[in-house]
1. Would you kindly state how much longer the chain becomes between residue 113 and residue 80 on full extension, computed as 0.36 nm times their sequence separation minus their alpha carbon distance, in nm to one decimal?
2. Calculate the FRET efficiency for residue 125 and residue 56 from the Cβ-Cβ distance with a Förster distance of 22 Å, rounded to the nearest 0.05.
3. Spin-label point model (7 Å from Cα, Cβ direction): what's the residue 65 to residue 47 distance in nm?
4. Could you tell me which of the pairs 20/172; 6/39; 20/178; 39/177; 6/172 are separated by over 27 angstrom between their Cα atoms in the structure shown?
5. Stretch residue 193-residue 38 to full length: gain in nm at 0.36 nm per residue minus the Cα-Cα span?
6. How do 58, 119, 99, 72 stack up against each other in accessible area, from largest to smallest, with a 1.4 angstrom probe?
7. Return one number: the angle in degrees, 0 to 90 and rounded to the nearest 10, between the long axis of the Cα atoms of helix 39-57 and the longest principal axis of the Cα atoms of the chain.
8. List the extent of the Cα atoms of the chain along each of their three principal axes, largest first, rounded to whole Å.
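The values are calculated or read from the model by the stated rules, or taken from the named source; none is laboratory data. Computed from a predicted structure; not experimentally measured. Glycine gets a Cβ as well: all are built from the backbone with ideal geometry, and neighbour counts include every protein chain shown. To get the accessible areas, we keep the full protein, side chains included, count just its heavy atoms, and leave off ligands, DNA and RNA. Shrake-Rupley method; radii C 1.70, N 1.55, O 1.52, S 1.80 Å.
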Amino acid sequence: MQSPLKQLVTFTSQTAGLEKTLRLIQATSQIVGVTSDDKTLSAQCLAARDRLALGRRYFRLLDFYGCFERVYLLSTTTSSAGAVLATMELAQFTFLGLYLFLENFTILHDMNVAQVDWYRPLMTEANKFWFYALVLSILRMTWLILFPVAEPAPAKGKGKGKAGAKTVGQPKWPLVKKIIIDGCDLTLPGSFIGWVPASGLQVGLAMVVSTLLAGHNVWLAQQGRMR
């Protein structure tokens with residue numbers, strides 16, 4: 001059994017764990033930056049937030065490829081989950097891929113390498129796609145809670161008949177957790193494009209909640225691989 005410190009080191013040495021750690025620091029920096037009465041500290045924290053946000057973008061530079069690859073697979077294979085869920089998933093990852101793809105065109109602007117006039121319009125459209133993707137994810141998780149999918153039941157033993165169909169006994173909490181994560185993350189693109197009336201403090205707090213929940217999933221997955 002590894003010590004807590006060793007587990008933390010292992011967590012932050014993996015890409016997913018490091019990204020979630022930086023995201024948590026970014027969210028904390030935003031909270032301090034928008035609530036502090038010390039102008040110097042506020043400016044420093046907000047500057048750190050912006051640098052961390054930029055640094056995290058390098059981790060997802062080519063993530064759009066995985067989204068579009070998933071869209072291709074969904075569009076060329078028959079889903080056992082049904083047409084409604086398959087359509088929502090296909091649209092979700094199409095929108096997410098478009099967000100990640102368009103976002104890449106503004107990275108030089110954020111690095112102060114090449115300033116462009118179309119930065120704000122492009123990021124507005126990109127964040128709309130992210131917003132749509134999050135909404136579809138929430139709807140899909142809600143659908144799975146209300147209407148669990150069916151899958152073939154495993155055979156009970158050799159020569160005891162064919163497998164039937166049963167309702168999957170999938171735990172509800174992972175689905176609820178995903179809804180909470182995406183609901184919190186919805187404040188980021190929503191506040192950017194003006195569709196969600198969230199303050200900087202509210203966005204920061206929502207970001208902390210979603211990061212802790214998503215980071216916990218990463219932590220459990222990494223601890224499982226080490227066993």
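1. Working: separation 33, 0.36 × 33 = 11.88 nm, distance 4.75 nm.
Length difference between fully extended and current span is 7.1 nm.
2. Values: r = 21 Å, r/R0 = 0.94.
Between residue 125 and residue 56 the formula returns 0.60.
3. Taking the simple label geometry, residue 65 and residue 47 are separated by 3.6 nm.
4. On the way: 20/172 24 Å; 6/39 37 Å; 20/178 15 Å; 39/177 36 Å; 6/172 31 Å.
Check vs 27 Å cut-off fails for 6/39; 39/177; 6/172.
5. Working: separation 155, 0.36 × 155 = 55.80 nm, distance 2.86 nm.
Going from the current span to full extension adds 52.9 nm.
6. Values: 58 115, 119 50, 99 15, 72 145 Å².
Of 58, 119, 99, 72, the descending order of accessible area is 72, 58, 119, 99.
7. 40
8. Sorted from largest, the Cα extents of the chain read 75, 46, 30 Å.
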